[in-house]
1. Plugging the Kirkwood radius over Cα pairs into Stokes-Einstein for the range 60-162, at a temperature of 4 °C and a viscosity of 1.567 mPa s, what D comes out in µm²/s?
2. To the nearest 0.05, how large is the calculated FRET efficiency for HIS195 and ALA160 if R₀ is 25 Å and r is the Cβ-Cβ distance?
3. Express the accessible area of the range 96-173 per residue in Å², computed with a 1.4 Å probe while the remaining protein chains stay in the model.
4. Taking amide H positions as placed in the peptide plane 1.01 Å from N, state which residues far from TRP125 in sequence (5 or more) or on other chains have amide H under 5 Å from it.
5. Pairs of Cα atoms under 8 Å, at least six residues apart: use those to get the relative contact order of the range 46-119, whole percent.
6. For the range 191-203, just list the computed ³J(HN,Hα) in residue order, Karplus coefficients 6.51, -1.76 and 1.60, θ = phi - 60°, integers in Hz, with x standing in for Gly and Pro.
7. Can you tally the net charge around HIS127? Count Lys and Arg as +1, Asp and Glu as -1, for every other residue whose Cβ sits under 15 Å from the Cβ of HIS127.
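The values are calculated or read from the model by the stated rules, or taken from the named source; none is laboratory data. Keep in mind the model is a prediction, meaning the values are calculated, not measured. Cβ atoms come from the backbone with ideal geometry, glycine included; neighbour counts cover every protein chain shown. Note: areas computed on protein heavy atoms with side chains; ligands, DNA, RNA excluded. Shrake-Rupley method; radii C 1.70, N 1.55, O 1.52, S 1.80 Å.
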Amino acid sequence: MSFARLGPRTTSCQLSQLTLGGKASIHKVSLNKYLRTMITATSTTATEAPRPPVPPFTLDDAIRKVRMAENAWNTRDPHKVKMAYTVDSQWRNRSTFVKGRDEIANLLTDKWEREQEYRLIKEIWSHSDNRIAVRFCYEYHDDEGQWYRAYGNENWEFDANGLMAKRHASINDVAIEESERKFHWPWDAPRPDDHPGLTELGL
């Protein structure tokens, strides 16, 4: 038996069978440190309630996950949105790097103070068992009334409970005239189910 096969539920009987270098011996300090590390690494995930759909994702699961994220972001509620991410989630958002729910909430608070009448549409690009690639657009205006359409791509990685552990987002903003806007549903509501998506809008 090796350290690689041990986990937080390893029994004393299993520990007694540990053999290192062909000799029956237990290095208690190293072993205890290893077990503490294993417990710390798994305790956060173990205490979080699952957020379905969870990996491994089918195509339908991934599409549902994307729409759930879109709806959450369209609430513009940082404290609601942050709960879809692990407590130590790592983000790159444009050129800003944040880690953890508190930093995520702070970033989103600043974002939605600047980006007024924000409306977002996401669309799946591809997926694997625990990763989803997304493209998106959102429209907003600044304090001076100038409208923009932001074009972006995201790479997401999820833990076993369906919480997002990593998010990498690259985004470009293009100034538009108000007459060029394509997103017109009430700004304080999710996109209606019958509203066209990005492909249908030619974006």
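1. Values: Rh = 14.4 Å.
Translational diffusion coefficient: 90 µm²/s.
2. Values: r = 33 Å, r/R0 = 1.32.
Efficiency for this residue pair is about 0.15.
3. 46
4. Residues meeting the criterion, in which the H sits 1.01 Å from N, are ALA133, VAL134, ARG135.
5. 24
6. Calculated HN-Hα couplings, in order: 4, x, 4, 8, 6, x, x, 4, 4, 5, 7, x, 9 Hz.
7. +2
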